[in-house]
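Chemist: Got a structure here, written out as structure tokens. Questions coming.
Only the coordinates and a few stated rules stand behind these numbers; no lab work does. If you're wondering where the values come from, they're calculated on a predicted model, not measured in any experiment.
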Ligand code: THU
């Protein structure tokens with residue numbers, strides 16, 4: 001699947017976000033190795049720390065429903081952001097869990113602005129150098 005198509009899916013998903021507290025909607029689209037795309041968006045809560053980022057909703061859905069399929073790429077975008085939307089530190093840890101503990105292969109992270117003009121790309125492992133290690137596990 002072309003990156004632009006995946007970014008569009010992320011932007012579509014963002015339209016369904018639940019973000020009444022921040023007003024900042026985020027969408028994420030995860031591409032699996034067989035071409036399946038699963039999407040997520042941020043889900044906030046009036047008890048603010050209980051909210052979930054779009055990336056985590058999408059990655060955890062993919063891991064829960066397609067545990068045997070490798071995650072190839074994730075596109076992230078927000079209609080409410082001029083610059084490209086980057087995954088937060090916590091979501092980078094969650095991406096690395098899939099890479100290191102579950103599938104062993106890196107994930108392309110595609111970050112877009114709201115109009116698909118400025119697009120950044122990085123591998124998940126490059127987004128979190130010196131990540132937490134837990135006794136080699
Ligand atoms: N958010 C995401 O969904 N992904 C990120 O990587 C960073 C932030 C959400 C969390 C919150 O609902 C809103 O954006 C404002 O921080």
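Chemist: With each run of n ≥ 4 DSSP H residues scored as -39500 (n - 2.57), what mean residue ellipticity at 222 nm is computed for the chain after dividing by its residue count and rounding to the nearest 500 deg cm²/dmol? Mind dumping the intermediate values first?
Modeler: Working: 3 runs with 32 residues, N = 137.
It comes out at -7000 deg cm²/dmol, rounded to the nearest 500.
Chemist: Here is a further query. Among bridges DSSP assigns within the chain, what percent are antiparallel (round to 5)? Numbers along the way, then the final one.
Modeler: Working: 17 of 22 bridges.
Percent antiparallel among DSSP bridges in the chain is about 75.
Chemist: With everything on Cα atoms, drop me the angle between helix 54-65 and the longest principal axis of the chain, reported from 0 to 90° to the nearest 10.
Modeler: 50 degrees
Chemist: Taking a ≥ b ≥ c as the square roots of the eigenvalues of the Cα gyration tensor of the range 1-120, is the shape rounded (a/c under 1.5), prolate (a/b larger than b/c) or oblate? Walk me through the intermediate numbers first.
Modeler: On the way: a/c = 1.76, a/b = 1.24, b/c = 1.42.
Since a/c reaches 1.5 but b/c is at least a/b, the shape of the range 1-120 is classed as oblate.
Chemist: I'd like the distance between the alpha-carbon centres of the range 1-44 and the range 86-123, rounded to an integer number of Å.
Modeler: First find each Cα centre; the distance between them is then 13 Å.
Chemist: Most mobile of 32, 50, 96 per a Gaussian network model of the chain (Cα springs, under 10 Å)?
Modeler: 50
Chemist: Still on this structure: Angle check, please: helix 3-14 long axis (alpha carbons) against the longest principal axis of the chain (alpha carbons), in degrees 0 to 90, nearest 10.
Modeler: With both axes taken from Cα atoms, the answer is about 60 degrees.
Chemist: Relative contact order for the chain using alpha-carbon pairs under 8 Å, separation at least 6, rounded to a whole percent? Numbers along the way, then the final one.
Modeler: On the way: 295 pairs, mean separation 29.6, N = 137.
Contact order relative to length: 22 percent.
Chemist: Return the single residue from 114, 46, 100 with maximal mean-square fluctuation; model: Gaussian network over the chain, springs between Cα atoms under 10 Å.
Modeler: So, out of 114, 46, 100, the one fluctuating most is 46.
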